[in-house]
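As structure tokens, the structure follows; a few thoughts come after it.
The values are calculated or read from the model by the stated rules, or taken from the named source; none is laboratory data. What you see is a predicted model, and the numbers here were worked out from it, not measured in a lab. Don't worry about glycine lacking a Cβ; one is built from the backbone with ideal geometry, like all the others, and counts go over all protein chains shown.
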Amino acid sequence: MTHADHEAFAGRWAEAIIGTSYVSMGRRVLTRHLVGLTHQLVDAALAVEFDPTVGHQVGVDMVAAHFTGIETLRETLALIAEELPGVLGSGLPGVEVAGRVAQLVGSMAAGYAGALRERSLDEQDAIYRAGLRARRQAEQALAASEAKFRAMFTGAAIGIGIGDLDGNITDANPAMLEMFGYTVEELIKLNVRAIAVHPDDPPSVWEAHEELIRGERDHLRLEKPFFRSDGDEIWTHVTVSLVRDEAGEPAYQVAMLEDISERRRLQAKLQYQAYHDPLTALANRQMVTERLERIFAGSESQRRVGLCFLDLDGFKVVNDSLGHDVGDQLLITVASRLTGCCGPGQLVARMGGDEFVIIVEDTAGEADMAALADEVLSALAEPVQVGRHELTVRTSIGVVERPVADTNPADLIQAADITMYQAKADGRARYAMFDQNRSDSEVASFTLSATMLAAVDRGEFFVVYQPLVDLVEGALRGVEALVRWRHPTLGVLGPERFIGLAEESGAIVQLGHWVLARACEQARVWRNAFGDAAPLVSVNLAPRQLHEPSLVADVTKVLADNELEPSCLQLELTEQSLMGDDPGPLTVLTKLHGMGVRIALDDFGDGYWNLPDLRRLPLRELKLAGSFAAGLQSPCDTVDQRIVRALVDLAHALDLTVTAEGVETLAQCERFQALGCDTGQGAWFGLPSAPEHIDALLRGANPLFDREAL
Ligand code: C2E
Ligand code: MG
Ligand code: MG
């Protein structure tokens, strides 16, 4: 029997058993394996000494090679029993091959069965052992996680409480016990609600808790207060979680609580500081803003609101002369007196410095606020004792009262503030009630004042010229330069609208200089066109300009720039400019006069006048105020006529020329002429007008004043 025969047999064997057991061998590997077994069987069957246990070993081998299927055994045994004898042939002499094969098959079956049994015992054992091992591991893991949980539960800084679904507390950690001031024995007798319900809880809190218990939500997070066993209140951040059993059904609840009482106290303190003035403990500006916003946020359009804006009169003097400590004490007393005047629905606040505000909600009208302002004034009238100083406090109060629908917080405060300044302007120690007209004009003035300098740069100002006419010869002697503002929205504004504001703001210095320069340029134009017949140019000087150190230099430069003799220029100033102790203006005038610039005293006779001054001042001309012209309307010999005569005589005696202002009629003109006035100015001779109009006069196109007509 050849090796090829062995292989062929093994091939059939493989063919018979392939697919009958789960074996991870391919056909070739399987065949090779079976060739080996075939060798063993053949060798055994043909051996001199027959050993049937070889069959047993082959059976064991097959099981070891995972040929464990019953089908495999049957096919194998059948194949060996039926075909192996044929393959072996007659074998050795005296050997009964078929009998040996039968024995081998029996032995194989026994080996196979034994190996198979052992194998399944082994497998069971392995499974059993694995099961044991897994259980032990699970138990260990559980114990470890339980230990971990316990350690965490006990050592946690946050309070942890466990309760069943009925709310019975079943366990609580030390932090929780400390937080609530109970022992664990005391606590586990209680129901969650007994310690957790607080009167300030909104109903939604306990509704949400019910949902959690019913399994409709898994967590509940909120900040809420609790009462401790000693009755103290604590604030906590609470998370309640629902724990479910393996079936997903609600099993118990776990609450975790963080004590945030300290944080809340700190927050409250910061909140207090943010809204209060540390010195007086009154509300501060921030609180005022928010209170007003709240009042104005309301939808009730009928609501009215009142606001008093107080500023202490002369508080700076107290601070500067008696020191800040005294000032502080005074403010504290004022704060407490103001608080004493106010009731519910009224807020007293310190806005800063010596400014206070009282907000009154739901007023019925201005009378309410007037009564309150009176009460405040009388509460503050009582002198304040600070140490050894008895201080008298006075305050000015601006009061506004209006429907909420008509205003907004910022406007309300601004209106009260403006009104407070009006109270100050009206004489202090009083209140002023908001007046829309007054406010409008003040706002308008403020706006004009604030925009004036930019308007000079933008070229919105222009100069008009009014004739100054010789009353004897009827000739044009000069022109007065008068400034106008072509305002982009308000139209042309006369000087009465803005000169006073310019004085207050200081803008007059630039504006006055601009007018002077403009007038001198125009004087140069006339000089070029008309030579010596060109008119003198008379420019008004505001009091403030006389205090400018550069005035003389400015005038000198403007004259030089336009190549003008100083005598071509007249500067008009009022007596007001020369009032006060400052010798500066007089020095300036003396210098200008010395240069040859004509100095005129304007509006003489309006208000204050001082005849001796006329002698002291370096003047060339006296301009009689328009009020004299008005007094000269009547033909009879009036007091005014006599006064004018006396003034004219006095002026002439001092070598001054006299101009009559405001000459509107022929009669006035005649009388001034008869009284010896030198020059006239007024509507009768021509109103202020554009320089071209003066050109026309100079060309004689329109004789101004015909003496023959008198
Ligand atoms: P003022 O210097 O006394 O100027 C004369 C004012 O009388 C001018 O008023 C003029 O228009 C007005 N006037 C002219 N004819 C008549 C008349 O027949 N009847 C009456 N009732 N008034 C007449 P205006 O231009 O409104 O100027 C008013 C005041 O403004 C001036 O009074 C002057 O004090 C001041 N002003 C004008 N321009 C300037 C300026 O450039 N600088 C300074 N500092 N003040 C100026
Ligand atoms: Mg004038
Ligand atoms: Mg005048």
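Summary table below
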read-out	value
Matching entry among Val464, Val456 (being in contact with a strand residue (DSSP E or B) (Cβ under 6 Å, 6 or more places away or on another chain) and surrounded by 15 or more Cβ atoms within 10 Å (Cβ to Cβ))	Val464
Residues of the range 478-507 satisfying the condition of being within 28 Å of Arg699 (Cβ to Cβ) and crowded, with 19+ Cβ neighbours inside 10 Å	Gly478, Val479, Glu480, Ala481, Leu482, Val483
Filtered residues of the range 382-398 (kept if farther than 14 Å from Asp313 by Cα and of a type in the set (Gly, Ala, Ser))	Gly387
Qualifying residues in the range 486-517 (those that are of a type in the set (Gly, Ala, Ser), more than 20 Å from Ala690 (Cβ to Cβ) and part of a helix (DSSP H, G or I)) - the one nearest to ligand 2 (Cβ to nearest atom)	Gly512
Those residues of the range 608-617 which are among the aromatic types (Phe, Trp, Tyr) and part of a helix (DSSP H, G or I), in sequence order	none
Within the range 596-652, considering residues that are farther than 19 Å from Glu572 by Cβ and within 16 Å of ligand 1 (Cβ to nearest atom), the one surrounded by the most Cβ atoms within 10 Å (Cβ to Cβ)	Leu632
Within the range 653-689, tally of residues that are away from ligand 1 (no atom under 12 Å from the Cβ) and touching a strand residue (DSSP E or B) at 6+ places or on another chain (Cβ under 6 Å)	7
Tally of residues being over 26 Å from Gly155 (Cα atoms) and β-branched (Val, Ile, Thr) across the range 251-283	1
Unique match (being hydrophobic (A, V, I, L, M, F, W, C) and closer than 20 Å to Ala8 by Cβ) among Ala130, Ala44	Ala44
Single match in Thr339, Thr333 (criterion: modelled with pLDDT of 95 or more and over 22 Å from Ile413 (Cα atoms))	Thr333
Yes/no for Gln545 being crowded, with 16+ Cβ neighbours inside 10 Å, closer than 16 Å to Arg477 by Cα and of a type in the set (S, T, N, Q)	no
Residues of the range 176-193 that turn out to be out of contact with any Ser or Thr (no Cβ under 7 Å at 6 or more places or on another chain) and either surrounded by 16 or more Cβ atoms within 10 Å (Cβ to Cβ) or among the aromatic types (Phe, Trp, Tyr) (or both), as a count	5
Tally, over the range 429-473, of residues that are in a loop (DSSP other than H, G, I, E, B) and of a type in the set (Val, Ile, Thr)	1
Strands (runs of 3 or more DSSP E) contained entirely in the range 232-329, each with at least 3 residues that are touching a residue at least 60 places away in the same chain (Cβ under 8 Å), out of contact with any Pro (no Cβ under 8 Å at 6 or more places or on another chain) and not assigned by TED's automatic domain parsing to the domain that holds Tyr182	304-313
First in the range 500-520 and farther than 22 Å from Phe446 by Cα, second anywhere and among the aliphatic types (A, V, I, L, M) and in a helix (DSSP H, G or I), Cβ under 6 Å, 6 or more apart	Leu516/Val558; Ala517/Val558; Cys520/Val558
Some residue of the range 528-549 being modelled with pLDDT under 95, on the phi < 0 side of the Ramachandran plot, of a type outside the set (Asp, Glu) and assigned to a loop (DSSP other than H, G, I, E, B)	yes
Matching residues in the range 560-592 - criterion: being buried (at least 18 other Cβ atoms within 10 Å of the Cβ), in a helix (DSSP H, G or I) and away from ligand 3 (no atom under 16 Å from the Cβ)	Cys568, Pro585, Val588, Leu589, Leu592
Residue match in the range 585-606 (condition: at pLDDT below 80 and either assigned by TED's automatic domain parsing to the domain that holds Arg477 or away from ligand 2 (no atom under 16 Å from the Cβ) (or both))	yes
Selected residue (only one of Val400, Val443, Val386 is buried (at least 21 other Cβ atoms within 10 Å of the Cβ) and either at pLDDT below 95 or within 30 Å of Gln329 (Cα to Cα) (or both))	Val400
Condition check for Asp655: at positive phi and more than 16 Å from ligand 2 (Cβ to nearest atom)	yes
Flag if Glu473 is surrounded by fewer than 17 Cβ atoms within 10 Å (Cβ to Cβ) and more than 16 Å from ligand 3 (Cβ to nearest atom)	yes
Residue pairs meeting the criteria (Cβ under 8 Å; at least 6 apart or on separate chains; first at positive phi and in the same structural domain as Ser241 (by TED's automatic domain parsing), in the range 160-187; second among the hydroxyl-bearing types (Ser, Thr, Tyr) and surrounded by fewer than 21 Cβ atoms within 10 Å (Cβ to Cβ))	Gly181/Ser229
